[in-house]
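Have a look at the structure below before the remarks.
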Amino acid sequence: RLRALFDTAPIGVVLTDSAGTTIFSNRHADDLVRRDPAAIEPNAWLHAVHPSDRERLLTALDDARHRGNSTTVRHRIRTAEGDRWLDHGITPFPDAGSLAAGTISTLTDVTAEHEARERLEDARDFTDAILDTVGALVVVLSPDGHIQRFNAACEQATGLTSESVIGLPAVDTLVPDD
C-alpha cells in the first residue's frame with residue numbers, strides 16, 4: 001500500500017541505509033535513472049550519474065549519512081536520449097543514536113528549466129557582446145530610472161565604469177548639476 005502511494009508521486013523517491021545502499025526507490029526514480037528494480041546491484045543507478053558529477057553527489061550523500069547535512073545537488077544523468085538534469089534533494093533520517101540510519105532522497109527532473117536558463121544566458125551574452133561592440137552610447141534603465149546596463153562606449157565617453165554605475169539613479173549619475 002505504501003509502495004503504491006510512493007509510485008504515484010510526481011518525483012523520484014529513494015531510501016538508502018546507513019551504508020548508502022539503496023533499500024527502496026519508487027517507479028519515478030527508477031524511470032529517471034533507468035534503474036531496473038529487479039537488478040541485483042542495488043546502487044546500479046549511480047552508473048547513470050554523469051562521471052563529472054558523481055563524486056560531488058557521493059560526497060553529499062556521505063555528508064548526509066555521517067554529518068546529518070541536508071542538501072540539494074543538481075547533477076546530470078546519462079540516458080540513451082542524452083543527458084538529463086536532476087535536482088537531488090538529500091535528507092538524513094536519524095536512528096536512535098546520533099548517526100543517520102540512512103537517507104531519503106527526492107529526484108526532480110529539471111532539464112527543461114536548466115536548458116531554458118542556458119538559452120537565456122546565451123541570449124544575454126550575445127546581447128552584451130553587441131552592446132559592448134556597438135559604437136553608440138547605450139544605457140539601459142529600470143522602470144524606476146536606475147542604470148541596469150552601461151556599455152563600453154558609455155564608459156569611454158564618461159570615464160565611468162559599468163561596475164560603478166549599475167544600480168544608481170541615472171539622473172543623479174549622468175545628468176550634470178548645473
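The values are calculated or read from the model by the stated rules, or taken from the named source; none is laboratory data. This one's a predicted model, so the numbers in the text were calculated from it and none came from an experiment. Neighbour counts run over all protein chains shown; Cβ positions are idealised from the backbone, glycine included. Heads up: the accessible areas ignore ligands, DNA and RNA and are worked out on the full protein's heavy atoms, side chains in. Shrake-Rupley method; radii C 1.70, N 1.55, O 1.52, S 1.80 Å.
Things worth noting here:
- When residues of segment 38-90 are limited to those that are of a type in the set (S, T, N, Q) and not in a helix (DSSP H, G or I), the one most open to solvent (accessible area, probe 1.4 Å): T72
- Residues satisfying the stated conditions in segment 99-137, i.e. without any contact (Cβ under 8 Å) to a residue 24 or more places away in the chain and either in a loop (DSSP other than H, G, I, E, B) or closer than 24 Å to R65 by Cα (or both): V134, G135, A136, L137
- Just one residue in the set G159, G145 is at positive phi, free of Cβ contacts under 8 Å to residues at least 60 places away in the same chain and open to solvent by 40 Å² or more (accessible area, probe 1.4 Å); that residue is G159.
- Every residue from segment 112-140 that is within 29 Å of the chain's Cα centre (by Cα) and surrounded by 15 or more Cβ atoms within 10 Å (Cβ to Cβ): H114, L131
- Condition check for T173: touching a helix residue (DSSP H, G or I) at 6+ places or on another chain (Cβ under 9 Å) and within 30 Å of L46 (Cα to Cα): no
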